[in-house]
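To keep things clear, I will list the structure first and then write my remarks on it.
Every read-out reported here was derived from the displayed coordinates using simple, explicitly stated rules and does not represent laboratory data. These figures come from a predicted structure and were not determined experimentally. Using ideal geometry, Cβ is built from the backbone for each residue, glycine included, and neighbour counts are taken over all protein chains shown.
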Amino acid sequence: MSFTDAVRTCLTAKYATFSGRARRAEYWWYSVLYVIATVVIAGISLAVEVPLLNIFLLPFIVPMLTVSVRRLHDTGKSGWRMLIALIPVVGLIIYLVGMTVDSTPGVNQYGPSPKAVAHPVG
């Protein structure tokens with residue numbers, strides 16, 4: 001999945017979809033966009049001395065949450081596991097390592113593997 005495909009998927013087709021699964025590429029490419037958007041908006045906010053971050057970052061937060069939950073589903077974990085990131089320092093490390101784990105092959109309780117859908121065998 002390319003950067004543009006991941007961003008398009010997260011911002012349009014699956015904007016508020018918590019069900020299903022998301023490949024690593026979809027999660028990490030959208031995370032890159034999220035970090036870039038945060039840095040740019042924070043820089044502009046500091047330059048004009050107006051708190052823009054909260055207002056302009058809102059459209060990016062919902063897809064970040066949904067793609068995170070779908071990524072955890074892809075590894076066979078519940079989306080609630082994302083809350084582990086709230087534990088200071090260690091929680092964030094555990095969360096990020098969990099996002100790098102490969103997909104559960106085949107079908108799991110959250111649906112078919114996006115890898116199998118993207119690259120059908122046969």
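The residues of the stretch 85-110 that are touching a Phe, Trp or Tyr at 6+ places or on another chain (Cβ under 8 Å) and either among the basic types (Lys, Arg) or without any contact (Cβ under 8 Å) to a residue 12 or more places away in the chain (or both) amount to a single one, ALA85.
Results for (1) of a type in the set (Lys, Arg); (2) within 14 Å of the chain's Cα centre (by Cα); (3) surrounded by 13 or more Cβ atoms within 10 Å (Cβ to Cβ), shown as yes or no for each residue.
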position	(1), (2), (3)
ARG81	yes, yes, yes
VAL97	no, yes, no
ASP102	no, no, no
PRO105	no, no, no
GLY111	no, no, yes
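So which residues in the stretch 58-77 are surrounded by 11 or more Cβ atoms within 10 Å (Cβ to Cβ) and over 14 Å from the mean Cα position of the chain (by Cα), if there are any at all? Matches in the stretch 58-77: GLY76, LYS77.
Which of the residues spanning the stretch 1-41 are exposed (fewer than 15 other Cβ atoms within 10 Å of the Cβ), outside any loop (DSSP other than H, G, I, E, B) and of a type in the set (Gly, Ala, Ser)? Residue satisfying the conditions is ALA13 alone. Cβ separations smaller than 6 Å between residues 6+ apart or across chains give the following pairs from the stretch 50-74 residues that are under 18 Å from ALA25 (Cβ atoms) to residues that are assigned to a helix (DSSP H, G or I) and of a type in the set (D, E, K, R): LEU72/ARG81.
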